[in-house]
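No lab work stands behind these numbers, since they all come straight from the coordinates. A quick note: this is a predicted structure, and the numbers were derived from the prediction, not measured. Cβ: placed from backbone, ideal geometry, glycine included. Neighbour counts: every protein chain shown.
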C-alpha cells in the first residue's frame with residue numbers, strides 16, 4: 001500500500017470545483033491513489049471558505065470528508081506548538097497555518113507525499129528540517 005497522501009487546500013478546491021483550471025488533472029490523479037488520504041482541520045476550514053463562493057461548494061467539501069475522501073486528523077497541543085515554530089521559521093515565505101499543520105502531519109506520519117497546488121511553498125518546506133516533499137502532480 002502507498003504511504004499517506006497529504007491533501008492541501010488547493011487540491012481540495014481543484015478536486016471539487018469544476019471551474020478550476022486543473023480540476024480534471026486532480027480528479028484523475030485522486031482516482032488512481034490507493035493509499036490513505038489525510039488532511040487537517042485547518043485545511044478543511046480554508047477549503048470550505050474558498051469553496052463558499054461556489055454554489056454548494058462548502059457543503060460539498062464537508063461531504064467529501066464525511067464520505068471518507070480524506071481522514072481528518074485533529075491538532076493536539078504538541079502539534080500546534082510545532083506548527084507555530086514552523087510558521088516562525090518560514091515567516092519569509094510566509095507559511096500559513098494550514099500548511100504548517102500539514103508539515104507537522106508529514107513529520108508525525110513520516111510521509112512526503114502531498115497533493116497541492118502550492119508548489120512554491122511545498123518545495124521550500126522541509127520535513128523534520130531535512131526531508132523534501134514529493135508533490136504528486
**Prompt:** What angle, in degrees between 0 and 90 and rounded to the nearest 10, separates the Cα long axis of helix 57-66 from the longest principal axis of the Cα atoms of the chain?
**Reply:** 70 degrees
**Message:** Taking the number of other C-beta atoms within 10 Å as the exposure measure, put 45, 34, 9 in order starting with the fewest.
**Reply:** 34, 45, 9
**Asked** Label residue 3 and residue 78 with points 7 Å out from Cα along Cα→Cβ: what is the distance between them in nm?
**Response** 2.0 nm
**Complete:** Simple spin-label estimate for residue 120/residue 45, 7 Å along Cα→Cβ, in nm, reads 2.3 nm
**Fill in**
Highest GNM mean-square fluctuation among 106, 47, 124, for the chain with Cα springs under 10 Å, belongs to 124
**Asked** Do the sum for the chain: with -39,500 (n - 2.57) for every DSSP H run of n ≥ 4, divided by all residues, what is the mean residue ellipticity at 222 nm, to the nearest 500 deg cm²/dmol?
**Response** -15500 deg cm²/dmol
**Complete:** So, with points 7 Å from each Cα along the Cβ direction, the residue 88-residue 67 label distance in nm works out to 4.2 nm
**Share, in percent, of DSSP beta bridges within the stretch 3-137 that are antiparallel, nearest 5** = 15 percent
**Request:** Would you mind getting me the FRET efficiency between residue 110 and residue 22? Use the beta-carbon distance for r and R0 = 35 Å, nearest 0.05.
**Result:** 0.80
**Prompt:** Just the projected area, averaged over all directions, of the convex hull on the alpha carbon atoms of the chain: how many nm²?
**Reply:** 7.8 nm²
**Request:** Rounded to the nearest 10 degrees, what's the angle between the helix 23-32 long axis and the longest principal axis of the chain, both from Cα atoms, 0 to 90?
**Result:** 80 degrees
**Message:** Quick check: the distance between the Cα centres of the stretch 82-117 and the stretch 14-69, to the nearest angstrom?
**Reply:** 19 Å
**Prompt:** What order do you get for 107, 46, 25 when you list them from fewest to most C-beta neighbours inside 10 Å?
**Reply:** 25, 107, 46
**Prompt:** Against the longest principal axis of the chain, how steep is helix 77-89, in degrees 0 to 90 to the nearest 10, with axes from Cα atoms?
**Reply:** 80 degrees
